[in-house]
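The values are calculated or read from the model by the stated rules, or taken from the named source; none is laboratory data. Worth saying up front: this structure is predicted, and the values here are computed from it rather than measured. Neighbour counts are summed over all protein chains in view; Cβ atoms, including those assigned to glycine, are modelled from backbone coordinates with ideal geometry.
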Amino acid sequence: MKELTPKEIVSELDRYIVGQQDAKRSVAVAIRNRWRRQQLPESIREEVGPKNILMMGPTGVGKTEIARRLASLVGAPFVKVEATKYTEVGYHGRDVESMIRDLLDRAITMVRDEQREVVRQEAERLTEEHLLDLLIPAVETMGESDPEADDRRHRNREKYRTKLREGEMEDRPVELSVTQKIAPQGIFATIGGESMDADTQGFLEKLMPSQSKRRRIPIREARKIMFDEECDRLIDDDKVTELAIQRTQNSGIIFLDELDKLCDSGRAHGPDISRQGVQRDLLPMVEGCTVSTRHGQVSTDHILFIAAGAFHGSKPSDLMPELQGRFPIRVELTDLNKEDFLRILTEPENALTKQHVALMATEGVKISFSSDALSAMAEIAEKLNKSAQSTGARRLYTIMERVVEELSFEASDRSGETVAIDEEFVRDRLSEIAADEDLSRFIL
Ligand SMILES: Nc1ncnc2c1ncn2[C@@H]1O[C@H](COP(=O)(O)OP(=O)(O)OP(=O)(O)O)[C@@H](O)[C@H]1O
Ligand SMILES: [Mg+2]
């Protein structure tokens, strides 16, 4: 796990998310606390629980985005789940424990990838030897050896080795036996690959017959297959599982999105029952319990939960009291204003303007946005968010699409041109729609 300080985490998040400093600080501290806990002597380490966070704020202001960016940042096993997903199927919804299994699967992939790096050199060496064996079939030596022939074979082998290393034989076919699992399409299709959880899938895969087939494939492909096989042989599966379980337990993070959708509306039947059911199911996960997976037992005591929700029609106090208490750190994300929109349009590394400049460049059209144009878009976004139901920064997407729509359609015929998008350009395309409330409801 990378050891970023809270300041470093915040400044990494700053690269993608404008404002929302409180939320960034809280998640940064919570992440750092995991590391701090790891430094403690064992006796008190067990006593330190995770400080779960509840992020609240209107729609489209960066809650999910913070979680998404955090995930790629921290190098800890991380899953993001929508709380509503558990209400969808059946009475109690999808098995809540599956989030822990998913987290463990993530950890296993991470640990395995790391272990592959550890054994990479050795696996590459073995792969090369095997390729040479395939290229130069071994000669059966009967009885006494012939030093001259040995020497010749050795030189021949080295010659091939050089050629292999220089990439001269990549297209040359070799014969290789490849083992494949034959998955009868029908079965997986009817169960529905997506909704089937990893455990069931793993179980079914074990039932499938595996078939080994000899295939002629070019060296470039054979090398990959052989390398994977060597890695599998060199990596100790039990050790991977053990490390992955430890990592899941000590640094796993679960992001529970749309938690507000589990609040009930006061009715005692219908969907509310299943929402309450999901809250009840979630409780032990967040409180700390042991979940059995096909790889072993995972304790959730120290897994960090970050929940988020808009909470505009409901309040955190509408959740079950026990569940509320499990999220002691509350952060509010604020509404975005014109200045924020202006920055969101230009500053983040994935900023919309940067995306459109890059997209148009593929057609040979050079576009630029004047600062007046940007501030006009930001202003219109703010105005619309105030007059109709706010969609937060998502409003910028619809506005931007509207502005570049015509250009986008024609771009392939306008290669070589330079288009300056200025305030007039923006107002031309937006004013009429923005002024008409009914129209803008549909279009922007
Ligand atoms: N503060 C921000 N800085 C940069 N981009 C933002 C910001 N807020 C939102 N966005 C952009 O707007 C889009 C929607 O944001 P996000 O998915 O985080 O919304 P949310 O807060 O999770 O809303 P919801 O309650 O609807 O789930 C994202 O694509 C994101 O890039
Ligand atoms: Mg969201």
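Please verify whether residue 71 is under 24 Å from residue 335 (Cβ atoms) and within 16 Å of ligand 1 (Cβ to nearest atom), treating the condition exactly as stated.
Details: under 24 Å from residue 335 (Cβ atoms): no; within 16 Å of ligand 1 (Cβ to nearest atom): yes.
Taking the combined requirement at face value, the residue does not satisfy it.
If I filter region 14-40 down to residues being of a type in the set (D, E, K, R) and within 16 Å of ligand 1 (Cβ to nearest atom), which single residue comes out as surrounded by the most Cβ atoms within 10 Å (Cβ to Cβ)?
Filtering first and then ranking leaves 24.
Given region 171-277, what helices (runs of 4 or more DSSP H) lie entirely inside it while holding 3 or more residues that are at pLDDT 70 or above and out of contact with any strand residue (DSSP E or B) (no Cβ under 7 Å at 6 or more places or on another chain)?
Ranges flagged: 198-207, 219-234, 237-251.
Considering only residues that are modelled with pLDDT of 85 or more, within 11 Å of ligand 2 (Cβ to nearest atom) and not in a loop (DSSP other than H, G, I, E, B), which ones fall in region 44-95?
55, 63, 64, 65, 66, 67, 80, 82
Looking at region 374-393, can you tell me whether even one residue there is among the small types (Gly, Ala, Ser), on the phi > 0 side of the Ramachandran plot and more than 16 Å from ligand 2 (Cβ to nearest atom)?
No, there is no match, as no residue in region 374-393 is among the small types (Gly, Ala, Ser), on the phi > 0 side of the Ramachandran plot and more than 16 Å from ligand 2 (Cβ to nearest atom).
Quick check on region 349-364. Is at least one of its residues at positive phi and touching a residue at least 12 places away in the same chain (Cβ under 8 Å)?
Yes, there is a match, as at least one residue in region 349-364 is at positive phi and touching a residue at least 12 places away in the same chain (Cβ under 8 Å).
Which one of these does residue 309 not meet: (1) surrounded by fewer than 16 Cβ atoms within 10 Å (Cβ to Cβ); (2) within 16 Å of ligand 2 (Cβ to nearest atom)?
Answer for residue 309: the failing condition is (1).
Pairs please, first residue from region 370-394 and farther than 20 Å from residue 439 by Cα, second anywhere and hydrophobic (A, V, I, L, M, F, W, C) and surrounded by fewer than 15 Cβ atoms within 10 Å (Cβ to Cβ), Cβ atoms under 8 Å, 6+ apart in sequence or on different chains.
Here the result reads 370/420, each pair linking region 370-394 to a residue that is hydrophobic (A, V, I, L, M, F, W, C) and surrounded by fewer than 15 Cβ atoms within 10 Å (Cβ to Cβ).
To keep it simple, each residue is scored yes or no on (1) in the same structural domain as residue 82 (by TED's automatic domain parsing); (2) within 16 Å of ligand 1 (Cβ to nearest atom); (3) surrounded by 20 or more Cβ atoms within 10 Å (Cβ to Cβ); (4) more than 19 Å from residue 70 (Cβ to Cβ).
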{"site": "290", "(1), (2), (3), (4)": "yes, no, no, yes"}
{"site": "295", "(1), (2), (3), (4)": "yes, no, yes, yes"}
{"site": "304", "(1), (2), (3), (4)": "yes, no, yes, no"}
{"site": "313", "(1), (2), (3), (4)": "yes, yes, no, yes"}
{"site": "317", "(1), (2), (3), (4)": "yes, no, no, yes"}
{"site": "327", "(1), (2), (3), (4)": "yes, no, yes, no"}
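In region 130-153, which residues are of a type outside the set (D, E, K, R) and modelled with pLDDT under 85?
134, 135, 136, 137, 138, 139, 141, 142, 143, 145, 147, 149
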